[in-house]
Structures are given as structure tokens and as C-alpha cells.
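Presented below is the structure to which this report refers.
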Amino acid sequence: WPFTSTSKVPDNASRQDRAKCWESRDLYFACLDAENVTVPGKEGDKCSSAKKGYEQNCAKSWVDYFNKRRILAEQQKPLLEQA
Amino acid sequence: MQTVTTLRLALRGPPSARCAPRRFSWRWPRTPATPRPTRRGYATSSADEPPPEKPRVTFEDKYKNKSVVGVFTPVSALLFVGVGAALYFYFDWEKQRLQKQREEERLSRSYGRPTVGGPFELTTHDGRPFSDKDLLGKWSLIYFGFTNCPDICPEELDKMTEAVDILDKEFGPLVQPIFITVDPARDTPAQLARYVADFHPRMVGLRGDYAASKAVCRAYRVYFSTPPGTQPGDDYLVDHSIYFYFMDPDGKFVDAFGKASAVPDVVERVRKEFAAWKEERGGLT
């Protein structure tokens, strides 16, 4: 009979799934911060388990969005510090 | 005697040019002239060298006010500065008064308001029709978003939920929270129902077809970017303006709250509006 797939598409309309995605995102980004890497993907093999959890728990468009936002926030930090 | 002499001299010119120097000088005020040596000697000798002239005391020297700078006497300078300072403070006070008046006028209900809002025809997450007529008789907080929104929509809806909870406790269920989707392709009624269930229990989810969504967004001046041909299975984000709109029981726009407004700000604004409405109409709806 059919194998039940362990990975399921995150349901963006559910509060729990959203929270799970945000948590895994925060874990992954914390790992990146520890490695002093801004751009997700540039850290090589370091945060691979966190990255896997992040990409599994969040929809692809969300992953792209959060990654872009992280880069933008890093770019804007010197401007904000100046203010 | 005086006038005759004056007249004679006026006609004949100063006498020192013609004869021995007179006793009185012709400059005013009349002072005895300093004795001057005659210059009519025939031979000049060192003894007769005219002694060096004493420095002349002019009118200005005698009557000049030494404490004057340019055209300013001390008193006039003080007056100038005093009047300047008084004028500055007066203008400042007047400006502040006008600003306060303008602020009050802006908040007052009789002054002009932006034309946000208008007719629309949508369906609730329960499948019932909902139009702009359903806004009448109740206060509304309307947020435009989509269920696949990463974090901003949930944040704003949480903010709205909290504000409505506080207002419910204080005034009863007067404010209806409304969520209008800008992504009708993916936000089916079932999806909407699941989404709004996570927020305030009275929250209504509204959707329409692409044309109806576009119409309501245009009426509320909401920008959104869904292309028309997207399929429910696609994974994309809809860029949209992030505001929730506060409408009064006449269906007219009152104020918009953005990311910068916190829950206390929203509650305060609603309270103020309630008070103004009550004063005008007697009740709260």
C-alpha cells in the first residue's frame, strides 16, 4: 500500500504551522549569526540540519522572502545605527 | 539793534574779511570769539608767526552722546531688542495655537476626510453575501491581506484582535473585525474560514472574484500585486499595502492604522472617535 509521506506541505493558514516555520527559521538564522554569515546558503555545510528543518517547515516563497529580508536588514543596519 | 546788525552783515559779508576782527564770532551759539592774530602784517617775523591753532571744539563734540553706537542710543537699542523678543514670542504662541486648532479640526468629524471606502460586493467565509451595506450600523476594522502571508498579516491581525478584545470589554461588541483577501485564487472560503478562526471569534473573512477584489482594493486605495492568471497550487507572495481601516457606522472612513501603530494607539483613537460620535449622535452606533 502507499507510503505515507513524512514531509507535508506547511499550511500557511494554520497558526501552529506558522509558528513552527518561524521557530525553525529563527534556529537557522541563529546558527548563521553564530557563523557570522549574512547570506543564507553561503555558510557551506555548517548549519545543514537547521537549514533542512527550516526549508521543510516553511513554504518556498516564505524561505525566499525571509532570506531576502535578512540580507536587507543587514544592509540597513549601518544606516539605522547612524540615525 | 540786533536785526539791523544781522541784516547789514548779511548784505556785506563777514566782517573779518574786510576789517579788524569783531568781538563776537558769527557761529551759533554766540560765544566770545577766541582772539585771533591778525594776518595783515607787512612783514612776517618769527615772533609774529601765528601760534598753532588750538583744536577746534565742534558742535558735535560738545553735544554728542558718547554711548551711541551707529544710530542706536542705549534706550532705543533696548526698546528694539525688547520689541523684537516680544514679537518673536507672540508669533511662536500664535503658531502653536493655530497648529493645535488645525489638529483639532482634522480630528473633528465635520472637517474633510479622504475618500477611502466605497461600494463592494463580496462573500464571507461562511458563504453569505457581504456588501458595503453590511458595514452600516456597526464600527469596522478592515484589513487587507492573504492567508499565505509570511508574518506581517498575522502580526497585524493579532494586533487588531487584541484591540477589538480590549474594546469589547469596555464597550461591548461594537467593532467588527474584517479580513478581505487580495488573493482570491488561493483563498477559498474554507481556507479563509480556517485562517480567521485563529484570530478574533467575530472576525469575518471576505473574498470575491478577481474583479471584485480589484474593485474593493481600488475603493480602499489598497495596492496589491497578484497577477490575474495565478493558480491555486502556485507558491507566491502578494505584495500589498499594510493598513487596516477604521470605518464608522455610516460606512465612512475614519482613520488608517499601519505597522507603526501599536494596540494602545488603536484603542485610544477608537475611544476618541466613540466619544465624538456619542456627542454628536447621542448613541454609539
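Rule-based calculations on the coordinates, nothing more; no lab input. The structure displayed is predicted, hence computed values, not measured ones. Using ideal geometry, Cβ is built from the backbone for each residue, glycine included, and neighbour counts are taken over all protein chains shown.
Here are the numbers for the structure shown:
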quantity: Filtered residue count, region B:229-250, keeping only those that are surrounded by fewer than 17 Cβ atoms within 10 Å (Cβ to Cβ), more than 15 Å from B:GLY145 (Cβ to Cβ) and under 38 Å from the mean Cα position of the chain (by Cα); calculated: 1
quantity: Any hit, region A:25-48, residues being part of a loop (DSSP other than H, G, I, E, B), away from chain B (no Cβ under 13 Å), hydroxyl-bearing (Ser, Thr, Tyr) and at negative phi; calculated: yes
quantity: Count of region B:112-129 residues which are assigned to a loop (DSSP other than H, G, I, E, B) and more than 14 Å from every other protein chain (Cβ to nearest Cβ); calculated: 12
quantity: Residues of region B:115-132 satisfying the condition of being closer than 20 Å to B:TRP277 by Cβ and surrounded by 12 or more Cβ atoms within 10 Å (Cβ to Cβ); calculated: B:VAL116, B:GLY117, B:ASP132
quantity: Of all residues in region A:53-83 being among the charged types (D, E, K, R) and under 19 Å from A:ASN36 (Cα atoms), the one that is nearest to the other protein chains (Cβ to nearest Cβ); calculated: A:ARG69
quantity: Hits in region B:130-168 - residues which are away from chain A (no Cβ under 14 Å), aliphatic (A, V, I, L, M) and assigned to a helix (DSSP H, G or I); calculated: B:LEU135, B:MET160, B:ALA163, B:VAL164, B:ILE166, B:LEU167
quantity: Top-ranked residue of region B:186-214 - restricted to ones that are closer than 22 Å to B:THR230 by Cβ and away from every other protein chain (no Cβ under 14 Å), ranked as nearest to the chain's Cα centre (by Cα); calculated: B:LYS214
quantity: All positions within region B:169-228 that are among the basic types (Lys, Arg), in a helix (DSSP H, G or I) and surrounded by fewer than 15 Cβ atoms within 10 Å (Cβ to Cβ); calculated: B:LYS169, B:ARG218
quantity: Region A:37-83 - residue that is of a type in the set (Lys, Arg) and buried (at least 16 other Cβ atoms within 10 Å of the Cβ) and, of those, farthest from A:GLN16 (Cα to Cα); calculated: A:ARG70
quantity: Residue ID - farthest from the chain's Cα centre (by Cα), chosen from residues in region A:6-21 that are surrounded by 18 or more Cβ atoms within 10 Å (Cβ to Cβ) and in a helix (DSSP H, G or I); calculated: A:ARG18
quantity: Qualifying residue in region B:234-256 (condition: touching an Asp or Glu at 6+ places or on another chain (Cβ under 9 Å), among the hydroxyl-bearing types (Ser, Thr, Tyr) and closer than 18 Å to B:VAL164 by Cβ); calculated: yes
